[in-house]
Amino acid sequence: ITALARPQLSIEVVPVTRDGTDLMIVLDFSNSMDLFDPQPGRSESRNLRDIEQGFLVDRLTVARTQIARFVKRRPDDRIGLAIFGMHSFTACPPTLDHDFVLAQVAQLTNSLLSRNERGTNIASGLAAGINELVDHGERRRTIILITDGENTVNDPVFTPLEAASLAAEKDITIHAVAIGSDSPYAPPDIRWMLQNRSFNTKAIEALASTANGRFFRPTDIGGFEAVMDT
């Protein structure tokens with residue numbers, strides 16, 4: 001009876017051509033990413049209450065949310081992810097498996113690295129992005145650097161500007177996003193992070209310019225979202 005029913009299984013392989021970009025998102029994982037950027041003029045008690053109620057979240061949480069939103073809107077791009085503190089770590093190479101990328105983004109919690117691992121080695125982060133993109137053929141290749149501070153770790157191989165020059169030589173564009181307000185807030189338990197803070201945005205802007213990219217300076221959640229839209 002089964003044979004007379006002539007069961008059939010038909011599988012057709014259909015090639016799909018997508019004109020996208022190979023992207024590496026390179027995210028700063030320094031300690032200062034635990035800081036908050038409230039609206040100006042808010043009192044200490046108001047900031048603490050907003051944090052407790054979830055209305056005010058730290059920079060890392062904002063970045064994680066915006067990266068996930070960005071990935072979901074780029075179906076034709078191969079997207080990868082790397083983070084950097086004292087050293088860089090590649091979560092995944094550029095891939096069309098965006099569910100996997102989103103799973104990696106979801107794991108970017110504040111406790112992923114210890115405090116002493118969370119410096120700012122921008123050169124190492126850029127090197128990780130370059131290494132993942134350099135052999136990707138003729139497609140457009142782009143690094144999106146997201147950072148909230150200036151370089152504090154002297155990498156033994158490159159300076160950040162040398163890494164940007166290497167990217168330019170390899171025809172890899174770097175767009176740099178310098179996030180965070182000039183007057184961040186830190187709850188009492190992490191207030192030490194505000195000591196001796198400085199942010200040389202000119203140096204970050206130079207990285208993007210060297211690698212034929214654009215520089216962005218959002219200071220709040222709305223600005224960050226608009227930058228990622230751009």
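The values are calculated or read from the model by the stated rules, or taken from the named source; none is laboratory data. Note that this is a predicted model, so its numbers are computed, not measured. Cβ placement follows ideal geometry from the backbone for every residue including glycine, while neighbour counts extend to all protein chains displayed. For the accessible areas, the whole protein counts, side chains as well, though only heavy atoms, and no ligand, DNA or RNA atoms are used. Shrake-Rupley method; radii C 1.70, N 1.55, O 1.52, S 1.80 Å.
Below, the figures for the structure above:
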quantity: Accessible carbon and sulfur surface of region 154-227 relative to its total accessible area, %, 1.4 Å; calculated: 48
quantity: Cα centroid of region 173-230 to Cα centroid of region 1-70, whole Å; calculated: 19
quantity: Whole-number accessible area per residue in Å² for the chain, which is evaluated in the context of all protein chains at 1.4 Å; calculated: 54
quantity: Net charge of Cβ neighbours under 12 Å - reference residue 138; Lys, Arg +1; Asp, Glu -1; calculated: -1
quantity: In region 112-190, the GluC sites (Glu not before Pro) that fall in loop regions by DSSP, at most 16 other Cβ within 10 Å; calculated: 138
quantity: Region 5-95: GluC sites (Glu not before Pro) in DSSP coil with no more than 16 other Cβ atoms inside 10 Å; calculated: 12
quantity: Charge sum, other residues only, whose C-beta stays under 12 Å from residue 88's C-beta, Lys/Arg counted +1 and Asp/Glu -1; calculated: -4
quantity: Relative contact order computed over region 51-156 (Cα-Cα under 8 Å; 6+ residues apart), in percent; calculated: 25
quantity: Residue 116 versus residue 39: modelled label distance in nm, points set 7 Å from Cα along the beta carbon direction; calculated: 4.2
quantity: Portion, in percent, of the accessible area of region 5-118 that falls on carbon or sulfur, probe 1.4 Å; calculated: 51
quantity: Fraction of antiparallel bridges per DSSP, the chain only, in percent to nearest 5; calculated: 25
quantity: Relative contact order of the chain, pairs being alpha-carbon contacts under 8 Å that are 6 or more residues apart, as %; calculated: 23
quantity: Nonlocal amide H pairs with residue 81, under 5 Å, H built at 1.01 Å; calculated: 25, 91, 92
quantity: Cβ-placed point charges (K, R +1; D, E -1), dipole of the chain about Cα centre in debye, nearest 20; calculated: 320
quantity: Nitroxide proxy distance, nm - points 7 Å out along Cα→Cβ at residue 51 and residue 139; calculated: 4.1
quantity: FRET efficiency, 1/(1 + (r/R0)^6) with R0 30 Å, evaluated for residue 76 and residue 2 via beta carbons; calculated: 0.10
quantity: Fluctuation leader among 107, 53, 66 - the chain, Gaussian network, Cα springs under 10 angstrom; calculated: 53
quantity: Extension reserve of the residue 152-residue 196 stretch, reckoned as 0.36 nm per residue once the Cα distance is removed; calculated: 14.7 nm
quantity: Positive minus negative residues near residue 208 (Lys, Arg vs Asp, Glu; Cβ under 13 Å); calculated: +2
quantity: Rg and Dmax [Cα atoms of the chain; Å; Rg one decimal, Dmax integer]; calculated: 20.5, 82
